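Down below is the structure, laid out as structure tokens.
Read the figures in this text as sums done on the coordinates, not as results from a lab. Just so it is clear, the structure is predicted and the values come from calculations on it, not from any experiment. Neighbour counts run over all protein chains shown; Cβ positions are idealised from the backbone, glycine included.
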Amino acid sequence: MKVSSNFESINKEILTKFGTYDLTNELAFTFPNNTVTFHNISDGKFLYHRVSQNEEIKKIIQTDLAQARVELSPVLPLHIPSYKTDFFFLRFADPLFIGGLTTMKGQVWIPMEIGVFLADQTNPSAFDFFSCDFSNARFALYGSPLEGKLCKYATTSLEADHSTLEPPIYAQLSIEIINELEEPASVSKLVFPVIDHDLHFHGHDVVMGGLQGIIKNTLGLQVMEMRQNNLPIPNGWCLAPRDIQKKNIDYSMEWGFS
Amino acid sequence: MVLEFFSEYSTINVLGTQMTVASLIMAAIIMTVGVIVARIISTSFKKYFAANLPQNTSSSIHKILYYGIILVSFLAVVTSQGIDLSGLMVAGGIFGIVLGFAAQSVVSNLFSGIFLMFDKPAQPGDLIEIPQNKIYGKLIEITILSTRIKLFDGSVVRVPNEKVFTSEIRNVSTSPVRRLEVTLGIAYREDVDRAIQVIKKALDRLPYVLREPKSEVWTEQLADSSVNLRVLTWIPRDEWDQVGPIFLKEIKKEFDNSGIEIPFPQRVVHFVEAKKHLG
């Protein structure tokens, strides 16, 4: 099954790979629905210009010319349309049914965003973020309107055909759902603090590590405890820079997951 | 030596009581110490305890501590000087009645302010509406006597606490999301299901419209001139400005693109044929 996407076919050859680039007189990067250019105005002063599907951004950037570098890197899907939450709501297009005392493992693909960082200092500093699929950068509420949690939102499927998903729009997330109950459980959504996840990239490909959900009974209430599952990263993959610090949030889905 | 000199030769009559300059100096010292103690205690409170309390509550307690200690100091001064206040009591009783009438609203606002501090219908920074007074804006602070609200035109309105306490207060900042509701009319000849799809398509384009809970559109009324559709959609609490002003525009554009008519008020007039009428 294919996760909803606006991009039927993209020539990967013309797409920019994630990484760090020297700022020369003219630089151009191409991403789905986005074109990014840098134009040298004068000593160390660059005109940054991004043309996207629904907006056009221009910024003048002052750099140290001797070591002026720019990094284009995947970032957590929290910035578009604006940063309002640290949580992500993943809705399964096909609900999962997990037998009692059983574990289900799989891969899901979630939309990510791209950050443009100035890398002339020790810590890269981000000055722009954009989405390759703006129409799917949306919010949702988990729980009741009175006490629920606002989250970024995406639909996904465990059965998604990876070959049809276009880089660099999605990041791969390994999920493991452990049902500690004796009775079966139906899971159609996962809500987790995405802020604490790291992104690693290699060329166009991005992984978001692992996520573990443990279904358990707490004080008579069925909850799913969400944990980050740190998976080994293959050699040659780079850790994406962060613009928001981790918060180490302990979180359990208390308002249902079916 | 100096005190003895003052006590022997200098006396002043205060409310029928002969007071020496020395005792007056003592009174001044007590009062000064009282003010200093009041300042130290209220400042210490502000420094060590105010951070754990709501801003309005801490501000009020700070004032009560400060003026309370000064009042106690003043009473101590009066007592130490042996001033007979019984004369004042009689006059004070009458004055109290007059003052009671005059300060009725002040006292009412004061108690309302205290109750509001315990009731906590809203926190500073919350977006509140007082429909009775047609006030809608951001709550700045609840002081002992009044509540200050910043309106969207940038002005600040001061509402007496009594009015706030006795009014309905709608706080839209208690939930992470809020709902927008609007009623639209479409022509009777239009397909209602198609119109609903078109509205949902228009809402999907707005980035701050929540995907869950989903937007709802239902047929509210078969009215005189139109089929009225009720649109309910959820947005993040603080993003009304991003959706409210363009919400209807996007639906209208989508209606125009899809050829869905929003009718004018209309009335069907039947003319009775003359023959039938005469026959």
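The helix-only estimate of mean residue ellipticity at 222 nm for chain B, built from DSSP H runs of length n ≥ 4 each weighted as -39500 (n - 2.57), is -16500 deg cm²/dmol after division by the residue total.
Between the alpha-carbon centres of the stretch A:21-47 and the stretch A:178-230 there is a gap of 39 Å. Ellipsoid semi-axes for the stretch A:40-125, based on the Cα gyration tensor and the rule √(5λ), read 40, 16, 10 Å when sorted largest first.
Evaluated over the Cα positions of the stretch B:172-279, the convex hull gives a direction-averaged projected area, one quarter of its surface, of 9.1 nm². Under the combined filter of DSSP loop state and at most 14 neighbouring Cβ atoms within 10 Å, the stretch B:56-140 retains these trypsin sites (Lys or Arg not before Pro): B:LYS134. Taking the inverse of the mean 1/r over every pair of distinct Cα atoms in the stretch A:108-258 gives a Kirkwood hydrodynamic radius of 17.2 Å. Cβ-Cβ distance of B:PHE74 and B:PHE152, R₀ of 30 Å, FRET efficiency by 1/(1 + (r/R0)^6): the value works out to about 0.10.
Eigen-decomposition of the gyration tensor built on the alpha-carbon atoms of the stretch B:113-252 gives equivalent ellipsoid semi-axes of 37, 16, 12 angstrom, largest listed first. Ignoring the sites themselves, chain B has its longest run without GluC sites (Glu not before Pro) in a DSSP loop having at most 16 other Cβ atoms within 10 Å at B:1-167.
Projected over every direction and averaged, the convex hull enclosing the alpha-carbon atoms of the stretch B:182-230 yields 3.4 nm².
On a 25 Å Cα-Cα criterion, which of the cross-link pairs A:LYS149/B:LYS253; B:LYS47/B:LYS120; A:LYS58/B:LYS201; A:LYS58/B:LYS252; A:LYS84/B:LYS252 come out too long?
A:LYS149/B:LYS253; A:LYS58/B:LYS201; A:LYS58/B:LYS252; A:LYS84/B:LYS252
A quarter of the convex hull surface defined by the alpha-carbon atoms of the protein assembly as shown gives 50.0 nm² as the mean projection. Ordered by the count of other Cβ atoms within 10 Å of each Cβ, fewest first, A:MET253, A:MET104 give A:MET104, A:MET253. Think of each Lys and Arg Cβ as +1 and each Asp and Glu Cβ as -1; about the Cα centre, that makes the dipole of chain A roughly 300 debye. For chain B, the alpha carbon positions stretch 121, 57, 26 Å along the principal axes, listed from largest to smallest. Computed on the stretch B:94-234, with alpha-carbon pairs under 8 angstrom and 6+ residues apart, the relative contact order is 19 percent.
So which DSSP H runs in chain B come out at 20 Å plus along the axis (Cα) with average Kyte-Doolittle of at least 0.0? If you can, show how the numbers build up before the last one.
Numbers: long enough: B:21-48 (40 Å, 1.56); B:55-80 (37 Å, 0.93); B:86-102 (23 Å, 1.96); B:104-119 (22 Å, 1.09); B:240-258 (27 Å, -0.73).
Long hydrophobic helices here: B:21-48, B:55-80, B:86-102, B:104-119.
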